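A.B. asks: Attaching a single structure in structure tokens format; questions to follow.
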Amino acid sequence: MNTPIRRNTKQRAAISEVVQSLSNFHSAQDIHAELAKRGSTVGLSTVYRALAAMAADGDVDTLLRDDGETLYRQCADAAHHHHLVCRQCGATVEVDGPTVETWTQRIAAEHDFDDVSHTLEVFGRCAQCRAQG
């Protein structure tokens, strides 16, 4: 199977710049709105395509919300990690999960699976949001 070559277009560079400038996870619509605020004319479908390609390339991290919407973020750590996400404000903390990693490998071996991957997002409310009531 041939892997498509991903071109670094002006649009993808602009999208990447916005993603890098934002904290926490954001939707494609949020990223598109920020591009528009900056004067860019990149279309929403282009934003979706570029973010999907960037996620496939490992350039951005994704998070799937309960409602099915995918959110995107430039993560500080390229290594495998998990996220603790405030469901109120979206604040995100990257966390390691060695117990999860051990369990994943064990359960895969028990069922004769290999080449396993997983994602784990933990949602809650951060201290700042709790303090605000």
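The values are calculated or read from the model by the stated rules, or taken from the named source; none is laboratory data. Everything quoted here is computed from the prediction, not taken from an experiment. Cβ placement follows ideal geometry from the backbone for every residue including glycine, while neighbour counts extend to all protein chains displayed.
A.B. asks: Just for the stretch 82-99: of the residues that are surrounded by 15 or more Cβ atoms within 10 Å (Cβ to Cβ) and not polar (S, T, N, Q), which one is nearest to His32 (Cα to Cα)?
C.D. replies: Selected residue: Gly90.
A.B. asks: Still on this structure: Could you figure out which of (1) farther than 19 Å from Lys10 by Cα; (2) assigned to a loop (DSSP other than H, G, I, E, B) isn't true of Val42?
C.D. replies: (1)
A.B. asks: Please find, within the stretch 28-70, the residue that is modelled with the highest pLDDT out of those that are farther than 14 Å from Ser16 by Cα and charged (D, E, K, R).
C.D. replies: By that ranking, first place goes to Lys37.
A.B. asks: Considering only residues that are within 20 Å of Asp96 (Cα to Cα) and among the polar types (S, T, N, Q), look in the stretch 50-81 and name the one that is farthest from the chain's Cα centre (by Cα).
C.D. replies: Gln74
A.B. asks: Taking strands (runs of 3 or more DSSP E) that do not extend beyond the stretch 58-133, which have at least 3 residues that are within 30 Å of Val47 (Cα to Cα) and of a type outside the set (Val, Ile, Thr)?
C.D. replies: Counting at least 3 such residues, we get 61-64, 70-73, 82-86, 121-124.
A.B. asks: Can you pull out every residue in the stretch 100-129 that is surrounded by 12 or more Cβ atoms within 10 Å (Cβ to Cβ), modelled with pLDDT of 90 or more and within 17 Å of His83 (Cα to Cα)?
C.D. replies: Thr104, Arg125, Cys126, listed by residue number.
A.B. asks: If you take the residues in the stretch 27-54 that are buried (at least 20 other Cβ atoms within 10 Å of the Cβ) and in contact with a Leu (Cβ under 9 Å, 6 or more places away or on another chain), which one is farthest from Arg87 (Cα to Cα)?
C.D. replies: Val42
A.B. asks: Take the stretch 24-39 and flag every residue that is of a type outside the set (A, V, I, L, M, F, W, C) and outside any helix (DSSP H, G or I).
C.D. replies: If the condition is that a residue be of a type outside the set (A, V, I, L, M, F, W, C) and outside any helix (DSSP H, G or I), then Asn24, His26, Ser27, Arg38, Gly39 are the ones that fit.
A.B. asks: Further question on the same structure: Among the residues that make up the stretch 88-96, is at least one of them under 16 Å from the mean Cα position of the chain (by Cα) and outside the structural domain of Cys126 (by TED's automatic domain parsing)?
C.D. replies: No, because not a single residue in the stretch 88-96 is under 16 Å from the mean Cα position of the chain (by Cα) and outside the structural domain of Cys126 (by TED's automatic domain parsing).
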